[in-house]
Every structure is written in C-alpha cells, then in structure tokens.
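Report on one structure; see the data block that follows.
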Amino acid sequence: MTPAPRIPWRKSLLVRLLLTSVAIAVVSVGATAWLAVQTTTRAIQEERGQVLSDDSDILRRLSGFAATHADWDGVQSSVRDLSRTMGRRIALTTEAGRTIADSAAPGTALPARASATVDPLNTDTFTEPGAQLAGTDPRAVGPYLLTAAERTRVRALAEKRLACVRKHLGDGGVRELPSGRTVVIADGGEASVPPQCADGTLNTPTPTEQKALDALSALTVPCFRPVGGKAANPLAGIGIDVTPGFTAAAKDPGRLLGGSRQTQNCVEDARRAQLDPHVAPRARLYLGALGQQPVGFDLSPANKAKIVGVAGLVLVVTVAMTTVVAIRLVRPLRALTAAAQQPPQRHTRVAVTTKDETGYLAAAFNDLTARREQLETQRKAMVSDIAHELRTPLTNIRGWLEVTRDGLVEPDPELIASLHDEALLLQHIIDDLQDLAAADAGTLALHREPVRADDLVAQTVSAHRTRAESSRIRLRTHTDPGLVLDADPVRMRQVLGNLTSNALRHTPAGGTVTLTARQAGDLAVLTVEDTGSGIAADDLPHVFERFWRAEKSRSRRTGGSGLGLSIVRQFVEAHEGTVTVGSEPGKGCVFTIRLHRARHTDRSTP
C-alpha cells in the first residue's frame with residue numbers, strides 16, 4: 001500500500017484552526033480593549049464636563065454671596081449646603097492662606113492648588129450674564145441698592161410703561177435687576193420700546209442712585225483731561241442711569257464716555273473702588289472630592305498588569321480549547337483518510353465516535369463502503385449470471401452442430417428450428433443487455449409522442465393473446481377513454497409486454513391477467529395484475545434486480561433471462577416515471593406504472 005503523503009504544516013487543519021483561533025482571540029481582545037478605552041475615555045470626559053459644570057455653579061453661587069455681603073461672615077453654612085448638594089469638598093481661604101470656610105473636618109489638608117479666585121469685582125469665569133463684559137459681577141450693586149419705597153415707585157412706573165408697550169407692540173414684560181430697579185422688556189429687547197412710551201420718568205435715577213452716581217462722578221474726575229482749567233465730568237447731567245446692570249451704558253461705561261482704552265480702564269477702576277467697600281474681600285476657592293478620593297481615571301501599572309494578564313489568560317484558554325477541539329476533529333478525519341486509502345477489496349470501515357458532522361461523515365463513509373461491497377457482490381453475481389445465461393444456448397447450439405458434423409444426426413427441419421430458437425434466445429439476451437447498458441450510460445434514445453393508452457393496451461394484449469389462450473389464461477383490459485401518454489410507443493409496448501409476459505409465466509391455468517389504464521390528476525396509471533402465485537415479502541425488494549429470479553433453480557420453465565423487469569424499471573425511469581410492485585403470496589401481484597400525461601394531444605384524438 002502506498003504510504004499517505006505528508007501534509008505540510010501550513011495546510012494542516014489543526015494548524016489552520018489554531019491560527020484562526022489565535023487571530024480571533026487577538027482581534028477580540030484588541031477590540032474589547034479598544035472599546036473599553038473608548039468607553040472609559042468618553043465617561044471620563046463626560047464626568048469632567050459635569051465636574052466643570054458643577055465647579056462653575058459653585059463659583060457662581062459663592063461669587064453671588066461675595067457680591068451681596070461686605071464680608072464672609074455666615075458663608076460656612078452656605079459652603080456646607082453646596083458641598084452636600086454637589087458632592088464636592090469646598091474650602092475658602094484668604095489670599096494669605098487663612099481658612100474662611102471648609103466643608104471638610106478641621107485639620108484636613110487642602111488640595112494642592114486653588115481652583116479659582118472668588119472676586120465679584122474681577123470675575124475670571126462666567127457667573128452671570130454681563131460678567132464677562134465688564135469683569136464685575138452684576139449682583140455687586142453696593143450703593144445702588146434701592147430702598148423699599150423706591151422699588152415700589154419704580155415698579156409702578158414700569159407697569160405704566162409696560163401697558164403703553166403692550167398697546168403699541170402687543171406684548172412685553174418686566175424684570176427686576178439685582179439693584180431692585182424694575183425695567184420693561186419688549187419683544188425686541190429694552191431698545192425696542194416705542195418713542196410714545198419713552199417719557200423719561202422710568203429712567204430717571206432715584207435719590208439713592210443719584211447719590212451713588214454723584215460719588216462715581218467724583219471718582220472719575222481724574223480720568224479726563226481738564227477743560228478750561230477744570231476737569232470735565234461726563235457723568236454729570238447725562239440724564240440716564242449707569243448703575244450696574246441698568247442699561248447698556250452701565251454694562252460698558254467706556255462706550256458711553258467714548259474715550260480711549262486708558263480712559264475706559266480708569267472709569268472701570270473707579271466703579272470697582274466705589275463697590276469695593278460693599279463686597280467681600282478676594283478669596284481663594286479650593287475644590288476636591290469628598291473623602292479625599294482622587295477624581296478621574298488612573299491607569300496605574302497594577303491596572304495595566306491586570307489588563308495584560310486577563311488578555312493573556314483569554315489567549316491561553318482560547319488556544320487550549322481550540323487545540324482540544326481540533327484534535328477531536330482531526331482524529332476521525334485521519335481515520336477516514338486511512339480507510340479510504342485501503343485496497344477496494346478490503347472494504348474497511350471506521351468507528352463512529354461522535355454525533356457531529358464528522359460522525360455523520362464517518363457513517364456516510366461506512367454506508368458507501370457497504371454499498372460498494374454490495375455492488376461488488378452484485379457485479380460478480382451478474383458476471384456469473386451472464387456467463388450462465390449465454391453458456392446454455394451456446395452449449396446447445398455447439399452440441400447439436402458437433403453431432404450433425406459427425407453425421408450422428410441428420411439436419412432435419414426440427415433440428416434447424418431448435419437451433420434457431422436457441423439463437424433467438426441468445427439474441428434476446430444480448431439485446432436486453434444492450435438496452436440496459438444504454439440506459440445506464442444515459443444514451444437510451446426515446447422518441448416521445450402522444451400515445452393513446454387504449455391503443456397501447458390493445459396492442460399488448462393482441463401480441464400475447466395466443467400464448468394466453470394456449471395456457472388457458474384470461475386476458476382482461478380496462479382503460480379510461482381519452483387517456484393519452486407522453487411516451488415512446490415502442491419502449492412502452494416493450495415495458496407492458498415484459499410485464500404481461502412475466503404475469504402469464506407465473507399465472508396457472510384458469511387464472512386471469514388484467515391490464516388497466518386510468519387517469520390520476522396529471523398522471524396516467526398503468527397496471528398489470530395477475531392471479532398467480534405471488535412474491536414473498538422478503539423477495540419484493542429484489543424484483544427489479546438484474547438476473548434475479550424468485551425460483552432459485554433458474555429453470556427456464558418457470559423464469560426467463562432475469563432481465564425483463566430490470567428493463568421495465570430502466571425504461572420507466574427514462575420517461576421520468578415510477579414503477580412499483582405489490583404482492584401477497586398465493587394471491588398474485590400488481591405492477592403499477594405512473595407516467596406523465598400528454599399536455600397537447602392531436603385534435604383527431606377522441
């Protein structure tokens with residue numbers, strides 16, 4: 001036996017499975033790690049954004065406290081409330097480092113550096129609308145804070161103007177500023193108040209505001225060049241309010257003064273100087289996590305080692321499991337390869353150890369081996385049968401010719417007739433074998449045409465009527481009128497002739513052979529039924545096998561060549577039809593043929 005060729009390791013199924021599993025594991029681990037990093041990064045960014053938002057809110061609230069208080073007294077309770085609400089540690093210290101308020105326990109170390117500076121007069125972070133323009137918290141109103149009576153009067157003037165605005169513009173509203181002054185807001189903003197409503201009474205400074213403006217005017221005198229030996233005071237008699245958050249001029253006084261940048265800075269410093277006694281001193285704001293837990297994500301060496309360890313463990317487990325599975329897959333495949341390489345005569349089988357695809361393949365291989373063994377047995381039997389069938393007529397012909405040549409027998413007409421019958425039998429066997437060979441090779445020529453079933457049955461009965469009468473057997477027929485087959489008439493007469501001949505051979509005298517043709521949907525059903533001896537149930541599967549006879553003695557008195565029924569099956573299957581047999585010992589048997597009906601029939605067909 002030729003040894004099996006060695007498979008290169010690159011083409012080995014085991015190696016390919018291992019490489020595939022490793023690649024899948026690496027890609028899976030890499031994708032999982034990438035996804036984890038992306039998810040963690042996004043979460044950190046979102047957390048930082050939330051932290052920044054919370055920090056801005058804390059700074060805004062503390063700046064508001066500083067803008068409305070002259071010192072930090074009482075801020076401790078506010079700091080504790082903010083700490084509980086925001087979940088952060090909050091601490092305030094002076095610029096010198098003295099603790100003003102702290103949400104943590106006394107003695108707890110402050111964070112490494114301050115997060116921001118709380119100074120309502122120099123805001124460096126957005127706290128309120130307008131703070132980023134002037135750099136001063138709008139809530140720092142100081143001397144501009146109206147009294148209760150002034151608030152009531154200004155409120156009444158604002159309501160009066162609002163009614164006028166609604167009359168001319170259709171809608172509007174009022175808003176109260178941190179100083180207590182009420183302003184009218186139209187759909188288009190403060191500047192959209194119609195001229196009919198701008199009577200000047202609402203914008204006239206109250207006594208409190210006028211006093212503060214006069215003080216601011218005195219502070220801004222050094223900011224301008226002298227005119228005629230005196231310093232010009234542009235704030236005197238301007239007739240509009242410049243209190244913080246009151247008008248656009250108040251938000252940017254330098255724009256009203258129209259001076260240089262130096263002049264604008266001087267005016268802003270004057271305003272800060274005016275407000276400074278009314279706000280809390282500058283303070284440093286420290287923010288941290290509760291319990292001194294670090295904020296954020298730290299991929300420490302320990303965390304890196306964990307990630308690498310888990311990834312390595314996944315890789316090892318994947319390789320191990322793949323190796324076990326691959327070995328279980330390869331072992332039966334190797335057994336199948338070894339069995340397939342054995343000589344055909346050994347008919348080697350493999351053990352079926354699994355119920356998966358490999359197990360099914362092994363079972364299929366064993367079935368194939370069994371069929372090959374059966375075919376080999378049938379081939380040997382067929383060769384023996386053909387030799388036997390051909391030997392008998394040839395032996396008879398040779399024997400009679402030899403005795404005639406030796407002068408022992410005269411060549412009379414009876415002898416010539418006997419030799420002629422033997423030659424016809426020999427020709428019949430050869431013709432049957434030729435037909436079977438053509439059917440097996442797929443070269444059997446069929447000339448299909450519409451064939452009337454009643455004509456086909458009538459021709460078959462006519463051909464066998466003499467033999468039936470001599471054997472005292474009744475031939476009966478029954479056909480549905482108008483039934484037409486799509487078939488080769490010559491081959492189908494041969495099929496019905498073989499079945500009828502077989503029925504007559506096994507039907508005793510006084511019996512009946514019935515040929516019928518009926519319609520069943522799109523099919524035509526032909527049957528040949530006899531009242532003979534029947535066929536045993538164990539012999540039914542072998543009826544259509546070549547050279548098979550129920551009579552094992554192989555006598556021609558009870559059986560023919562053994563090819564007739566094989567030819568019937570081959571011809572019917574060539575017509576895309578089926579042939580079956582049913583029998584009960586002692587009661588005869590029925591052969592049933594199912595063929596397609598003709599789709600288009602001749603108009604002359606009744």
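Extension gain for residue 458 to residue 434 (0.36 nm times residue separation, less C-alpha to C-alpha distance): 5.9 nm. Around the Cα centre of segment 435-550, unit charges on the Cβ atoms of Lys, Arg, Asp and Glu (plus for the first two, minus for the last two) sum to a dipole of about 500 debye. Stretched out straight at 0.36 nm per residue, the stretch from residue 37 to residue 406 would grow longer than its current Cα-Cα span by 121.9 nm. Descending by average beta-carbon neighbour count within 10 Å, the peptides 308-320, 92-104 line up as 92-104, 308-320, the highest first. The figure for residue 596 is an accessible area of roughly 90 square angstrom, using a 1.4 Å probe on the protein chains alone. Treating r as the C-beta distance of residue 196 and residue 176 and R0 as 25 Å, the FRET efficiency rounds to 0.55.
Using the Cβ-Cβ distance between residue 109 and residue 319 with R0 set to 41 Å, the FRET efficiency works out to roughly 0.20. Here the label points at residue 519 and residue 480, each 7 Å from Cα along the C-beta direction, are separated by 0.6 nm in the simple model. Approximating the spin labels as points 7 Å out from Cα along Cα→Cβ, the residue 262-to-residue 204 distance works out to 4.0 nm.
You can think of it this way: the chain between residue 398 and residue 73 has 102.7 nm of extra reach, that is 0.36 nm per residue less the Cα-Cα gap.
Taking label positions 7 Å along the Cα-Cβ direction at both residue 56 and residue 449, the computed distance is 9.8 nm, reported to one decimal.
The values are calculated or read from the model by the stated rules, or taken from the named source; none is laboratory data. Everything quoted here is computed from the prediction, not taken from an experiment. Note: ideal-geometry Cβ built from the backbone for every residue, glycine included; neighbour counts use all protein chains shown. Ligands, DNA and RNA are excluded from the accessible area calculation, which covers all protein heavy atoms including side chains. Shrake-Rupley method; radii C 1.70, N 1.55, O 1.52, S 1.80 Å.
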